[in-house]
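Report on the structure given below.
The values are calculated or read from the model by the stated rules, or taken from the named source; none is laboratory data. This one's a predicted model, so the numbers in the text were calculated from it and none came from an experiment. Here the Cβ positions follow ideal geometry from the backbone for every residue, glycine too, while neighbour counts run over all protein chains shown. For accessibility, only protein heavy atoms count, side chains too; no ligands or nucleic acids. Shrake-Rupley method; radii C 1.70, N 1.55, O 1.52, S 1.80 Å.
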Amino acid sequence: DAGITQSPRHKVTETGTPVTLRCHQTENHRYMYWYRQDPGHGLRLIHYSYGVKDTDKGEVSDGYSVSRSKTEDFLLTLESATSSQTSVYFCAIRVQANTEAFFGQGTRLTVV
Amino acid sequence: GENVEQHPSTLSVQEGDSAVIKCTYSDSASNYFPWYKQELGKRPQLIIDIRSNVGEKKDQRIAVTLNKTAKHFSLHITETQPEDSAVYFCAAYSGGGADGLTFGKGTHLIIQP
């Protein structure tokens, strides 16, 4: 599992509330990613990080923010959750930019 | 940016037959092409990958072929088994930065007994 742990694994929250998802890795990899997975859309990149405090936007970043204050933790925050953010969220790491991604177990988020 | 198209979205084959999933990409600079398998409720996991300096790669019953001129690559699964039922994703890495890995929308492979 490449030492990746996501928490929580499941969450139900109300529209308008803030939500933070955590990705933790134990192998000091530089590159970390947050994807969302929705039927018919595959895996879409939300934000990524290439080092501590170094983050950038992906394809579907609106409504999301991230932080990486330590190598091992990459946090994804929904400032004010909306129903369109109901999804399965996967964290991933890559050893180098041009190598395969290893995924966490996923977090199923439901916004009601 | 890179665009990856994957076909078909659903593929049903008889157990023991072969399955082929095809992907096309748009960025001629792409140089790394992984394939992932995702079983129901699980995380995507890498099953095979290929780099642009190679035309074909095999691993037991699975193989991937790459045609750089046409900008397409394919996953071939022979002698399909029930445990091959899953969603398969192709991806392409176009280089130039830490993001660059673009996924296709996935193919749901169903193995009929």
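Observations on the model:
- Proximal charge balance of B:E56 [Cβ under 14 Å; K/R count +1, D/E count -1]: +2
- Listed residue pairs exceeding 32 Å between alpha carbons, taken from A:K53/B:K57; A:K57/B:K71; A:K53/B:K68: A:K53/B:K57; A:K53/B:K68
- In terms of accessible area, using a 1.4 Å probe and ignoring ligands and nucleic acids, A:H41, A:H29 rank largest first as A:H41, A:H29.
- Residue-by-residue Karplus 3J(HN,Hα) for the range A:75-88, coefficients 6.51, -1.76, 1.60, Hz, glycine and proline x: 9, 10, 10, 9, 5, 8, 4, 10, 4, 5, 8, 5, 5, 9
- Across chain B, Cα pairs under 8 Å and at least six residues apart give a relative contact order of 37 percent.
- Whether the range B:33-113 is rounded, prolate or oblate, judged on the alpha carbon gyration tensor where a/c under 1.5 counts as rounded: oblate
- Cα convex hull of the protein assembly as shown, projected area averaged across orientations, nm²: 12.0
- Relative contact order of chain A, pairs being alpha-carbon contacts under 8 Å that are 6 or more residues apart, as %: 36
- For A:G58, the shell of other residues with beta-carbons less than 10 Å away shows a net charge of 0, using +1 for Lys and Arg and -1 for Asp and Glu.
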